[in-house]
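Here is the structure we will look at.
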Amino acid sequence: MISATPTPTGRTTLFDLIKDHVRQRHGRRARTWVIHRLDMEATGLLVFAKSPNAFRFLKADLQARRVRRVYVALCSGAFDAGEGSDGLVRTFLRERKDGSVESIDDGGMTRPPDPKDPFGPKLATTHYRVEKQDEQKALVKIRLESGRKHQIRVHMASTGHPIVGDLKYGNGNNPLRRLCLHASELAFTHPTTGESVRFLSPPPPEFFEAFGEDAPEPERAEMPRTVARSPREHERREAANDGPTDADDGSESGWDHVADWYDESHAEARSDHFAEVILPGTMRLLGLREGDRLVDIACGEGTLCRRLSEQGVRCLGVDASPGLVDAARARGGGPRYEVADARDLAPIAELMGETRATAASCVMAAMNIDPLRPLLEGAANLLEPGAPLVLVMLHPAFRAPKQTAWGWSAQKAHRGTQYRRVDAYLSTNAHEIVMNPGEVSSGEEAVVTTTHHRPLQAYVEALAEAGFLIEKLEEWPSLRRSQPGPRADEENRARREIPMFLGVRAVLRMDAGATS
């Protein structure tokens, strides 16, 4: 077996081979990062990253449990529930001093685990299904909800069915002279394109030969398409420091009065928030394929439309700011762009005629639009029944402008802990946001727009009234990392735990939609 990561013996590892391969293709200075690990005796799929941005994105998705990991194992003995039965194991796992792992349930806990203690017990959840079995063994498909050291091996042993060939947690039975555990499926969002990708590795033939059967024909995964890469573009600015962007209406609280400043100053800036979190998250929630039709409401300079157009999606971008629409058109590509107020999309519905979109989006703009209801009703009139609307915004509970902030605890029991303070939440309000605080401090004129805070229940109610049902909700943390220092680890922990953005996928009810 080849270890996935460095070993104490200094033997050649898979990581060594991957690093050599990347350096041969991209030069001696090219680096590689490990996303997750397999036990040295196991086989199957692994993911490595070739850039620090991809590493941070994939690690965050792994920690947020958005990466699907499926394993196949040959286990000892027959399960009482029989073939086709499902099972769940959820316990705390704790590493012993000798490197082995023990499983303890809630009843065995002497005190609640400390989430900050790297050596304390960690909750682990394993789902499994018995695919086939006889009196001596069972072929089991396993899906990880968490990913702890030796989790599958310890959990399957706790069921009374250790993995065949597991000399550490098993019963010594090793007829195939290997640990019969194989990572067969990995599915995740590509950190650059935002596409959902799925990779498959069929279990070794000996897993089936143990039952006297030939291995089945392997399932083919849909491989990711090669997508032209656009320059990273400006993020939707965080309120107070980075304020919201995107045009939303033609009033003084809209964006046309700052369109030239926004486009010239920021359209080509490299943005970690937008490129690494917002854009791939939005594309994942939309789940579009070639030939689908998207209306992007408050499209700004058209980044999302251009990216999806590269993948064969037919995109129509709509924005109230003629300046931003001109900027989007100047960047070319396949999308079409039109000027329209997000609160009055009737002209867009008339332009589309009988054709309806298969999806709509409003990215980092809903909090700049008031009132909200005309936006959602207008979006419903543009969509086919059953089509999704994806809203992305600053998280209203934790990132409300001028009423949330970071702080450091002074209490003895929590000293050194960073927290997010929330001064108000349920009240709706509006705040003017200075978009260029750095320039203002140097004497430049302030560029100001308005953002509207609403509690989450206001968005849920407005979506329901417009005929939408919420299908999925995701909370996305920032992927930034602090510079090394005494508080860096705690700042990074708090940043990962307290989400910055909220993504909502709502589908139009079959009895709702166009009224014209």
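The values are calculated or read from the model by the stated rules, or taken from the named source; none is laboratory data. Nothing here was measured: the structure is a model prediction, and the numbers come from that model. Note that we place each Cβ from the backbone using ideal geometry, even for glycine, and neighbour counts take in every protein chain shown. The protein model used for the area step is the full one, side chains on, heavy atoms only, and it has no ligands, DNA or RNA in it. Shrake-Rupley method; radii C 1.70, N 1.55, O 1.52, S 1.80 Å.
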Just need a number here: residues in segment 316-335 that are at pLDDT 95 or above and over 14 Å from C362 (Cβ atoms). 0
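Please determine whether any residue of segment 62-78 is crowded, with 16+ Cβ neighbours inside 10 Å, of a type in the set (K, R), assigned to a loop (DSSP other than H, G, I, E, B) and out of contact with any Cys (no Cβ under 9 Å at 6 or more places or on another chain).
Going residue by residue through segment 62-78, those that are crowded, with 16+ Cβ neighbours inside 10 Å are 62, 66-67, 69-78.
Going one step further and asking which of them are of a type in the set (K, R), we end up with 66, 69.
With assigned to a loop (DSSP other than H, G, I, E, B) added as a condition, the list becomes 66.
Next cut, out of contact with any Cys (no Cβ under 9 Å at 6 or more places or on another chain) only: 66.
Yes, some residue in segment 62-78 is crowded, with 16+ Cβ neighbours inside 10 Å, of a type in the set (K, R), assigned to a loop (DSSP other than H, G, I, E, B) and out of contact with any Cys (no Cβ under 9 Å at 6 or more places or on another chain).
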Residue count for segment 489-501, restricted to those that are closer than 14 Å to W406 by Cβ and free of Cβ contacts under 8 Å to residues at least 40 places away in the same chain: 3
Which numbered condition trips up T355, out of (1) among the β-branched types (V, I, T); (2) open to solvent by 10 Å² or more (accessible area, probe 1.4 Å); (3) part of a strand (DSSP E or B)? (3)
Just for segment 389-424: of the residues that are of a type outside the set (G, A, S), closer than 23 Å to I278 by Cα and in a loop (DSSP other than H, G, I, E, B), which one is nearest to the chain's Cα centre (by Cα)? H395
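May I ask you to say which residue of V154, V130 is of a type outside the set (S, T, N, Q), in contact with a Ser or Thr (Cβ under 6 Å, 6 or more places away or on another chain), over 23 Å from H36 (Cα atoms) and open to solvent by less than 50 Å² (accessible area, probe 1.4 Å)?
Numbers: V154 fails: over 23 Å from H36 (Cα atoms).
So the residue among V154, V130 that is of a type outside the set (S, T, N, Q), in contact with a Ser or Thr (Cβ under 6 Å, 6 or more places away or on another chain), over 23 Å from H36 (Cα atoms) and open to solvent by less than 50 Å² (accessible area, probe 1.4 Å) is V130.
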Just to be sure, is R37 under 27 Å from the mean Cα position of the chain (by Cα) and on the phi < 0 side of the Ramachandran plot? yes
With the condition kept exactly as written, say whether any residue in segment 421-430 is open to solvent by less than 30 Å² (accessible area, probe 1.4 Å) and either closer than 20 Å to E471 by Cβ or out of contact with any Cys (no Cβ under 8 Å at 6 or more places or on another chain) (or both). no
Go through segment 309-326 and count every residue that is open to solvent by less than 10 Å² (accessible area, probe 1.4 Å) and in contact with a helix residue (DSSP H, G or I) (Cβ under 7 Å, 6 or more places away or on another chain). 5
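Output the residues belonging to segment 354-379 that are small (G, A, S) and within 26 Å of the chain's Cα centre (by Cα).
Here is the first cut: in segment 354-379, the residues small (G, A, S) are 357, 359-361, 365-366, 378-379.
Hits for segment 354-379 are A357, A359, A360, S361, A365, A366, A379.
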Looking only at residues that are closer than 21 Å to E145 by Cα and among the polar types (S, T, N, Q) in segment 166-189, which one is nearest to the chain's Cα centre (by Cα)? T189
Is it the case that some residue within segment 373-385 is outside any helix (DSSP H, G or I), touching a strand residue (DSSP E or B) at 6+ places or on another chain (Cβ under 6 Å), surrounded by fewer than 19 Cβ atoms within 10 Å (Cβ to Cβ) and of a type outside the set (S, T, N, Q)? yes
Let me spell it out: the conditions are (1) open to solvent by 20 Å² or more (accessible area, probe 1.4 Å); (2) touching a His at 6+ places or on another chain (Cβ under 8 Å), and E465 meets all of them except one. Which number is the exception? (2)
Quick check: is even one residue across segment 317-324 over 15 Å from A359 (Cα atoms) and among the aliphatic types (A, V, I, L, M)? yes
Please work out which one of (1) modelled with pLDDT of 85 or more; (2) open to solvent by less than 90 Å² (accessible area, probe 1.4 Å); (3) assigned to a loop (DSSP other than H, G, I, E, B) is the condition L167 fails and give its number. (2)
Conditions first: (1) at pLDDT 95 or above; (2) open to solvent by 10 Å² or more (accessible area, probe 1.4 Å). R415 passes all but one, so which condition is the exception? (1)
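Identify, please: which residue in segment 468-516 is assigned to a helix (DSSP H, G or I) and of a type in the set (G, A, S) and is, among those, surrounded by the fewest Cβ atoms within 10 Å (Cβ to Cβ)? Write out each step before concluding.
Applying the first criterion (assigned to a helix (DSSP H, G or I)) to segment 468-516 yields 488-497.
With the extra rule that they be of a type in the set (G, A, S), the set shrinks to 488, 494.
Values: A488: 12, A494: 19.
Looking at residues that are assigned to a helix (DSSP H, G or I) and of a type in the set (G, A, S), I get A488.
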Would you mind telling me which numbered condition in (1) in a loop (DSSP other than H, G, I, E, B); (2) of a type outside the set (D, E, K, R); (3) surrounded by fewer than 21 Cβ atoms within 10 Å (Cβ to Cβ); (4) at pLDDT 90 or above H161 fails? (3)
Please enumerate the residues belonging to segment 9-49 that are assigned to a loop (DSSP other than H, G, I, E, B), of a type in the set (G, A, S) and crowded, with 17+ Cβ neighbours inside 10 Å. A42
